[in-house]
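Colleague: The following block contains the structure, expressed as structure tokens.
The values are calculated or read from the model by the stated rules, or taken from the named source; none is laboratory data. The model shown is predicted, which means the values in this text are computed figures rather than measured ones. Positions of Cβ are backbone-derived with ideal geometry, glycine not excepted, and every protein chain shown enters the neighbour counts.
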Amino acid sequence: MRCAAFLRAGIAVWALAWGSAAVGQTTDSAASEPPPRGSAPLRNDILLDLHGVLLIEPKIVNGMYAKQGDDPWQVALVRADKKGVDLRPFCGGSLLTSRWVVTAAHCVDRGTLKTDFDVIGGNVDVQKGSRVKTAEIFVHPNYGAIDHLNDIALVRLQDPILGTTAREIEILPIALESTALKWKAPTRVTGWGALAEAGVPVAELRTVELMVYANEDCNDAVAYDGAIADDMVCAGYDKSTRDSCQGDSGGPLTVLAQGKRYLAGVVSWGEGCARANRYGVYTRAAHYAGWAGACMSGKASCRQVDPDLQKAQADFIQAAVVRRAKASLKEKK
């Protein structure tokens, strides 16, 4: 998933679809099926199997096939019950160690269980990668689904993803962020998401080169009108023809700094795919290196709400409420 407007619209359509089933407006088989649970991308993948449609958006649009070994930290989150030719990722992620994956919170929230999905790594083709079970899920305790704040999570694996084609990536140090993520700085995004808006995820990894845009650009009235918080970074093009899209959520936004490639962002959200002035929005990884370290070290703070982040979150949400109220008044006039 990688889209604000489509996330909200998709959930509404999903609710309507299941509501219709309850009153007999679908087939008997659909009416007998329980509502899919778990994160929005996971439910979206289930709905695709049940009804042949994607109701919730965020893929690599106008990208290229990724070369084996260029992005060895990339992993795929796949439903535990999917195998064979039907295997497709519902989200991506990155290896921080052989047993720890960083992804987006919205990929594993809403009651997603460790038994709901497996993780595949070590190959650009999900059919050929190393598949391991999930041991534990850590959603950031300050995650806010509505405004996409702190959209980051960790997944601990039961077994390591090993091999010459699998390697971890280091989170961009905060000291390098101002230069590595400066305006128009080059970045790379990889994923198995859809090749176009409303498309279906693909089996072979794709890559696309994007440019960083300042939060001020992204918060412009013609773009996201103030919806971009300090923990987010935008990348894409103002006359966008390339982007990440549905199925890419949780995957890596990487940068080259001082001769080394680092994880700078996690695919989070956006409006549509490759739309003009609708940049892709990514969670700034450097802001969460401490939290990730706490989780991997087994510290209690991993599960505890950060009061400073909580206050910043409340201030941001209040500002968003005011902004939306003003926009509504303007539309009425």
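Colleague: If I filter the range 104-115 down to residues being not in a loop (DSSP other than H, G, I, E, B) and not β-branched (Val, Ile, Thr), which single residue comes out as surrounded by the fewest Cβ atoms within 10 Å (Cβ to Cβ)?
Modeller: The residue in question is 114.
Colleague: Now a separate question. Can you give me the number of residues within the range 24-50 that are at pLDDT below 50 and farther than 18 Å from residue 80 by Cβ?
Modeller: 9
Colleague: Taking the range 69-82 as the region of interest, how many residues are over 16 Å from residue 134 (Cβ atoms) and over 20 Å from the mean Cα position of the chain (by Cα)?
Modeller: 2
Colleague: Yes or no: residue 208 under 30 Å from residue 116 (Cβ atoms), in a strand (DSSP E or B) and modelled with pLDDT under 90?
Modeller: yes
Colleague: If you go through the range 79-103, how many residues are surrounded by 24 or more Cβ atoms within 10 Å (Cβ to Cβ) and not polar (S, T, N, Q)?
Modeller: The qualifying residues number 8.
Colleague: Which of the residues belonging to the range 79-103 are more than 19 Å from residue 153 (Cα to Cα) and not in a loop (DSSP other than H, G, I, E, B)?
Modeller: Across the range 79-103, the qualifying residues are 84, 85, 86.
Colleague: May I pose another question? Go through the range 286-301 residue by residue and tally those that are over 20 Å from the mean Cα position of the chain (by Cα) and hydrophobic (A, V, I, L, M, F, W, C).
Modeller: Qualifying residue count, the range 286-301: 3.
Colleague: Conditions first: (1) surrounded by 15 or more Cβ atoms within 10 Å (Cβ to Cβ); (2) β-branched (Val, Ile, Thr); (3) more than 29 Å from residue 290 (Cβ to Cβ). Residue 134 passes all but one, so which condition is the exception?
Modeller: (3)
Colleague: So, one more: Any residue that is modelled with pLDDT of 85 or more, farther than 30 Å from residue 326 by Cα and surrounded by 20 or more Cβ atoms within 10 Å (Cβ to Cβ) - is there at least one of those in the range 216-238?
Modeller: No, every residue in the range 216-238 fails to be modelled with pLDDT of 85 or more, farther than 30 Å from residue 326 by Cα and surrounded by 20 or more Cβ atoms within 10 Å (Cβ to Cβ).
Colleague: So the check is Cβ under 8 Å with 6+ separation or different chains; which pairs have a first residue in the range 102-129 that's within 19 Å of residue 83 (Cα to Cα) and a second one that's modelled with pLDDT of 95 or more and part of a helix (DSSP H, G or I)?
Modeller: Cβ pairs passing all conditions: 117/108.
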